[in-house]
Structure formats: structure tokens, C-alpha cells
Amino acid sequence: AQLAHAQNQIVIGAIVPSSGPFAEWGRANTVTLQMLESEINKKGGVNGAKLKIMVLDDSAKPAQAANDVRKLAGDDKVLAIAGPLTSTACEVAFPVANQMKVVATSQASSKPGVAEANRPWAFRNTVDEGVLTKASVPYFKKAFNIKKVAIIYDAKDAVSTAIATKIMPAVMKANDIDVLNAQKPISFNTGDLDVSAQVTSLKALQPDGVVIGADYSQAITVIREMKRQGFTKPVIGGTPAISSAILQAAPDIPIVAPATFYAGMSEPRAQKFVQDLQPLLRKASGLPKDVEPSMFDANIYETVNMYVDAVKAAGVTGKPGDLEKDREKIRDYIAKLKGFEGLAGPIAFNEHGDAVKRYFIVEGRNGAWTTKVRGCSVEGACGK
């Protein structure tokens, strides 16, 4: 089925934070999408048309993310959008995707309810932090004999705030762990370089373990300061904590976090993805020389592959006059998707627009992540 599109192109949009506090994730996402575009076009494209992925930078700013959705959907006439990355950006951009009737699937947002509040066009190729925490906390408790914890978090970031002030305290309580500062968790702001006063207060609480609600680049600042003050208690975080960089900050401090993908996994598909992408990431400007593919690279790679499958399977024409119908076909395809072959196993979406996929509770120490618990975001929907 040759496409009758004037430029004979299938155009997908992507929104990533290539500048600002999450620039490392956004730049790596961009390299991942370039690799995917080239992979698909080398194999003959999509139904005989070339795949073109238009990547816009939202700097992780909500207003910019909303404008990016307007531009991609309105001016660039994309069939679907991968992104935005942060929950803070999704909360503002997803309503615009609904208004413009275009699918937007986040590669990282995991604050509970963000896609659910913006049905039917918003999806997330991620598992809700609330679901993951219910698996990570019991492991953390047992592995390190945790009876009491203290919380520190990045107050400027939506998912970090949700993890620290709502999700973790509730799950800790359900597991009979005392949260020493539940009423007044210690906070800092994205970009703060000095958190010595906060870590001193944290240390004074004498917890058995520390909850850090922050993405890895901000968590690194806290972990380095903990090491400097000789406060080497085990740390638990959410999915934003997963990064090879965080393991270099203080190799002797164990870190527990949930992931649906990480660079050292044994799954063959995941290994091939790492093998193909890692050299490209390490050559790219603006990325650390020892960078590894992240969970968010894996998620955006899977998302665009889902869109490509939708174009092939759902009779998407790519003709300018069919844009509205094409977008609906993609939405319906993604909503009903079952058994998509993800990098770590099959993926489907639940009625809230969140992914049903395998997850791993991993522990990082001495520079490497290892899987400690394997599970599934909805029992029965994916194999152990």
C-alpha cells in the first residue's frame, strides 16, 4: 500500500527536554529517535513511505511543552507525538493533545493519574510510581532491615513531590515503616548545588534509610553530600533515580529503585538495543562519555515503534485529507494494543492510558544495577 502523501513521508512528532535541568535525558532521547528513524528507513520505511521524526525541545517547561504540541499537531500535521518527558510538562501538554485530537505518549511521566486525567488521547509508556513503590518498599525493608526512614525531595518537580509527599509515606506506613519527617519532609529545589544544611537535618533524624524524591541528576547532589558527611544509609527512590551516573556519586551507598528497563538487563532485545544505541550516545555532543541508554530511551523507542505498527496495521493513509481519521486510527490501535513486543517483554495499555509491562526492582552499588525483584504492573498481563 503505497502512500499518496505529497512528500511520501510518515511524520511523527517528539517532545524532549534537550536543554534545561533534564537535558541529558532529552539529548539521549534525540539520539535514540535518530537511530530508530534510520533503522526503519533502511528497511524500506513505513508502507513504502519514509519515516520522519520531528523532535522539539521543551526545556522541561510546561508552557513550552504545550506550545510544542500545538506546533507539531497544528503546523507540522504529525500523526502522533512521543512525549513530553516530565509529569510537570504532561499535566499542561496533555490537555492540549486532547483539544487537538492527537495521541501523545510520555516516555517518563509516572506521577499517578496524569494520563487518566487526560483521556482519550493521552498515554504513558510507563508504570505509575504508586504501583512500583508497592514492590520496591518491601524489598528495601527486608534487604536493609529498615524500621524508620526520613524523606528529602525536589519541591520543584511534580513526580518527585508526588513520590515524597504522597506515594512513599503511604506505602511505608502500609509496610510498618516509620516516616520520621512525614509531616515536614526536607526539601530543596531543582538546580540547588548546596544541600549540606538539608543533609545535616536528615542525618540528625537518625533514620535506617533515606527516601529521595528527585530525578537522578538532583539525587546525585544529595548522595554526594551524604557521603561527604559520612552518612552512608541505604537510599530508595522512584524511576527518575535510575541512571548509571547516580552509581558513580557514592558507590558505597546502596540505592534501590524500580525500572522497566536498565542498561545491564539480560533480556536479548534489551541487550541488542544497548549494543546499537550506546556507541551513538557516547559519540554525541553534550552527553557524558560513559553514558548508557536509559529507561526513557527504551520507552520512547518502543512508543514510536508502536506508532509505526499502528500506521501499518490500522490503514493509516498519511494523506493530508485523512489526518483526522488517521489520528483516530492510531489512538484506537494504541488503546487496544495487546502483546506489543517491548524491549523487556510484552506491553499493553490499561484504561487509564498507562502501560502494562514488566518491571524490575533493582539495587545499585559499586557501580552496577542488579535485578532483585521481577514483577508485572498488572498480574497475568505479562509473563514473569
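The values are calculated or read from the model by the stated rules, or taken from the named source; none is laboratory data. This is a predicted model, so every value here is computed, not measured. Note that each Cβ is placed from the backbone with ideal geometry, even for glycine, and that neighbours are counted across all protein chains shown. Ligands, DNA and RNA are excluded from the accessible area calculation, which covers all protein heavy atoms including side chains. Shrake-Rupley method; radii C 1.70, N 1.55, O 1.52, S 1.80 Å.
Of the residues making up region 313-325, at least one is part of a helix (DSSP H, G or I) and under 19 Å from PRO346 (Cα atoms).
Could you tell me which residue of region 36-54 is least open to solvent (accessible area, probe 1.4 Å), considering only residues that are among the hydrophobic types (A, V, I, L, M, F, W, C) and in contact with a Leu (Cβ under 6 Å, 6 or more places away or on another chain)? Filtering first and then ranking leaves ALA49. Checked against (1) open to solvent by less than 40 Å² (accessible area, probe 1.4 Å); (2) modelled with pLDDT of 95 or more; (3) under 21 Å from GLU324 (Cα atoms), ALA89 meets all criteria but (3).
Among the conditions (1) closer than 14 Å to VAL311 by Cβ; (2) under 23 Å from the mean Cα position of the chain (by Cα), the only one that GLY48 does not satisfy is (2). A Cβ distance below 8 Å, combined with a sequence gap of six or more or placement on separate chains, defines the contacts here; from region 327-340, residues that are more than 14 Å from ALA104 (Cα to Cα) reach no residue that is surrounded by fewer than 17 Cβ atoms within 10 Å (Cβ to Cβ) and among the polar types (S, T, N, Q). Could you say which residue among VAL308, VAL378 is farther than 19 Å from TRP25 by Cα and at pLDDT 95 or above? The match here is VAL308. The listed residues are PRO84, PRO112, PRO120, and the only one of them that is under 25 Å from ASP332 (Cα atoms), outside any strand (DSSP E or B), at pLDDT 95 or above and open to solvent by 10 Å² or more (accessible area, probe 1.4 Å) turns out to be PRO120.
Select from region 164-203 the residues that are in a helix (DSSP H, G or I), among the charged types (D, E, K, R) and more than 23 Å from LEU132 (Cβ to Cβ) and list them in ascending order.
Quick first cut of region 164-203, residues in a helix (DSSP H, G or I) only: 164-174, 196-203.
Filter once more, so that each one left must be among the charged types (D, E, K, R): 166, 173, 203.
Passing the criteria: only LYS203.
Do we have ASN299 as closer than 17 Å to ALA115 by Cα and either open to solvent by less than 10 Å² (accessible area, probe 1.4 Å) or aliphatic (A, V, I, L, M) (or both) here? It is true that ASN299 is closer than 17 Å to ALA115 by Cα and either open to solvent by less than 10 Å² (accessible area, probe 1.4 Å) or aliphatic (A, V, I, L, M) (or both). When LYS338 is tested against (1) closer than 22 Å to ARG124 by Cα; (2) at pLDDT 95 or above; (3) charged (D, E, K, R); (4) open to solvent by 10 Å² or more (accessible area, probe 1.4 Å), just one condition goes unmet, and that condition is (2). Of everything listed in (1) open to solvent by less than 30 Å² (accessible area, probe 1.4 Å); (2) hydrophobic (A, V, I, L, M, F, W, C); (3) without any contact (Cβ under 8 Å) to a residue 60 or more places away in the chain, the single unmet condition for VAL31 is (3). Taking the criterion of being without any contact (Cβ under 8 Å) to a residue 40 or more places away in the chain and surrounded by 20 or more Cβ atoms within 10 Å (Cβ to Cβ), the only residue of region 65-81 that qualifies is ALA66.
Return yes or no: is ALA355 outside any helix (DSSP H, G or I) and under 18 Å from the mean Cα position of the chain (by Cα)?
yes
Go through VAL304, VAL274 for me and flag whichever is at negative phi, open to solvent by 10 Å² or more (accessible area, probe 1.4 Å), of a type in the set (Val, Ile, Thr) and out of contact with any Lys or Arg (no Cβ under 6 Å at 6 or more places or on another chain). Spell out how you get there, then give the answer.
Working: VAL304 fails: open to solvent by 10 Å² or more (accessible area, probe 1.4 Å).
Just a single option satisfies the conditions, and that option is VAL274.
Here ASN125 clears all of (1) surrounded by 24 or more Cβ atoms within 10 Å (Cβ to Cβ); (2) out of contact with any strand residue (DSSP E or B) (no Cβ under 7 Å at 6 or more places or on another chain) except the condition numbered (2).
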